[in-house]
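> Right, I'll just put the structure down here and ask away after.
The values are calculated or read from the model by the stated rules, or taken from the named source; none is laboratory data. In this text, all values refer to a predicted model and were calculated from it rather than measured experimentally. Positions of Cβ are backbone-derived with ideal geometry, glycine not excepted, and every protein chain shown enters the neighbour counts.
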Amino acid sequence: MKISPVILALILGIGVCICLGMCLLFRDQVQQDGIRTSGTDVTRNITGHGAPAVTPAGDRLAGMTPVQTGGTTPVTVYPAPTPRPVAFTLESGAPAGCGLTCRETTATITNTGDETAHSVCVVLEVFNDAGERIFINGGPSVERCIGDLPGGSLRTETIQINADCGFLATRCIGHTLILKTRVRSLEKIQEFPDIVMQVS
């Protein structure tokens, strides 16, 4: 039995249309529902045109440290900041006279670091403008120890300085006295600008 070429072409055309329609229907279903595959996210194209966007799951987690918190969603954890080391600031009040060669001053020491400064001491030395060391309180320097100073805390001390100016106070009277200050702890020694004191 012979099949007419016209009938054959008609049958083939109907078959192609049916296959094409099924393919388009399947494509539309994929775009509407989306597909999730292992390691890759396929997201629906919002406009409905073109191919769906593909985002590898590994790219979203690059550079992050995921931690499981009882569920399946990773949480990003950032490292704690490095603690600042021990460092000091020193604020000195204006020296007040307590006698001809006596001066009294306040010193506020602050530990600006995060760590505790251990065995903190304030050390004072006095020189005149001729470069001579002036003994104070019976010794070459005065040392006031305040113990440990936690990070971010401060301490205020009142310090009295009695200068040994020699016979008739000739090494002090008419001179400018220079007070040198430093703060010392087990962790650090820090020097501060000189304080100038006039003796008339």
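> Failed condition for VAL77, given (1) out of contact with any strand residue (DSSP E or B) (no Cβ under 6 Å at 6 or more places or on another chain); (2) outside the structural domain of LEU186 (by TED's automatic domain parsing), with all others met?
Tallying (1) out of contact with any strand residue (DSSP E or B) (no Cβ under 6 Å at 6 or more places or on another chain); (2) outside the structural domain of LEU186 (by TED's automatic domain parsing), VAL77 fails exactly one: (1).
> Within the stretch 100-114, how many residues are in contact (Cβ under 8 Å) with a residue 60 or more places away in the chain, over 14 Å from GLY147 (Cα atoms) and within 34 Å of the chain's Cα centre (by Cα)?
We begin by selecting, within the stretch 100-114, every residue in contact (Cβ under 8 Å) with a residue 60 or more places away in the chain; these are 100-103, 105, 107, 109.
If we keep only those that are over 14 Å from GLY147 (Cα atoms) as well, we get 100-103, 105, 107.
In the following step, the residues that additionally are within 34 Å of the chain's Cα centre (by Cα) were identified as 107.
So the answer is 1.
> Name every residue in the stretch 165-179 that is surrounded by fewer than 16 Cβ atoms within 10 Å (Cβ to Cβ) and in a strand (DSSP E or B), in order of residue number.
Correct list: THR176 only.
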